[in-house]
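For reference, the structure discussed in these notes is given below.
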Amino acid sequence: MHPQHALNQQMDYVHPAPVRVWHWINASGFLFLILTGFQIRYAESINLMTLSHAINLHNYVGFVVIANYFLWLSYYLGSGKIKLYIPDLRRVVGLAIRQARYYGFDFFLGRPNPHTMTAENKFNALQQQAYLVIMLVLLPAQMISGLFLWKVKGYEEYINLLGGIKVIDTIHVLLFFFFTSFLFIHCYLATLGHTPLAHFKAMFTGYENHH
Ligand code: HEM
């Protein structure tokens with residue numbers, strides 16, 4: 001390698017093994033849940049598999065995603081690294097505006113990303129807000145509403161407390177639309193590293209390559 005090139009490159013270990021394992025189980029689980037979810041919701045228009053297969057697979061994968069969530073939670077709470085997800089309230093507005101301007105404008109002019117990913121400051125202000133709400137509010141809401149829909153009779157009391165089965169079903173389906181759209185945005189933004197595949201590779205190897 002050219003010495004100047006070696007100087008310009010710095011590998012930073014940003015994704016420890018538990019995060020990588022959690023992330024890829026979660027991502028593949030979501031793809032299955034979305035496919036089977038579409039089949040369950042639009043059974044009359046799509047024919048990927050029988051309805052009963054779709055329901056069984058959806059339930060089974062749902063439990064894998066729930067169990068896997070506890071891997072994420074125990075890793076981040078146990079290590080104290082959950083603070084990576086918490087925005088700095090004094091600076092969050094300015095940083096979020098700069099980051100949004102980068103995604104929407106500066107990136108296309110070839111200007112540098114205002115945020116550098118390091119192990120201690122892994123997420124930019126927009127990622128922190130999005131990931132925090134997703135991991136601590138939306139994903140738990142999706143898992144709990146899914147559990148209630150799985151055993152309607154068993155959880156009748158809680159379901160009624162929250163406004164009835166229609167409310168729970170609406171929450172589950174709205175979040176299903178949210179997560180489906182999130183996946184597209186998330187994957188697009190993940191291509192904006194120093195090469196289109198850089199962030200994807202880092203989620204497999206653990207190392208982000210800085211130029
Ligand atoms: C095909 C599906 C997916 C792909 C290809 C993908 C790709 C990636 C990549 C490349 C990163 C690292 C760069 C970054 O932080 O943006 C990442 C991080 C992350 N993704 Fe995904 N993702 C997928 C699905 C999901 C889903 C379904 C969720 C949540 C419901 C999710 C939540 C996250 C979170 C929270 C992080 C930060 C993890 C951490 O470092 O603590 N991803 N994803």
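The values are calculated or read from the model by the stated rules, or taken from the named source; none is laboratory data. Worth saying up front: this structure is predicted, and the values here are computed from it rather than measured. Methodologically, a virtual Cβ is constructed for each residue, glycine included, from the backbone with ideal geometry; neighbour enumeration extends over all protein chains shown. Please note that ligands, DNA and RNA were not included when accessible areas were found on the heavy atoms of the full protein model with its side chains. Shrake-Rupley method; radii C 1.70, N 1.55, O 1.52, S 1.80 Å.
Points worth noting:
- Region 10-210 - accessible surface per residue (Å², probe 1.4 Å): 60
- Partners for K83 among lysines (Cα-Cα distance below 23 Å; same-chain residues under 8 apart left out): K122
- Carbon and sulfur %, accessible surface of the chain computed with the full protein complex present, 1.4 Å: 69
- Net lengthening on full extension, Y207/C187 (0.36 nm per residue, minus Cα-Cα): 5.4 nm
- With the simple model of a label 7 Å out from the Cα in the direction of the Cβ, I55 to A27 spans 3.2 nm.
- Of all aspartates and glutamates in the structure, the ones whose alpha carbon falls short of 18 Å from that of K166, not counting any fewer than 8 places away in one chain, are E156, E157.
- Expected 222 nm ellipticity per residue - DSSP helices of 4 or more, -39500 (n - 2.57), all of the chain, to 500: -21000 deg cm²/dmol
- All alpha carbon pair distances within region 1-101 were sorted into 5 Å bins beginning at 0; the resulting P(r) in whole percents reads 2, 10, 13, 11, 11, 14, 13, 11, 8, 4, 2, 1, 0.
- For the chain, projected area of the alpha-carbon convex hull averaged over all directions, nm²: 15.2
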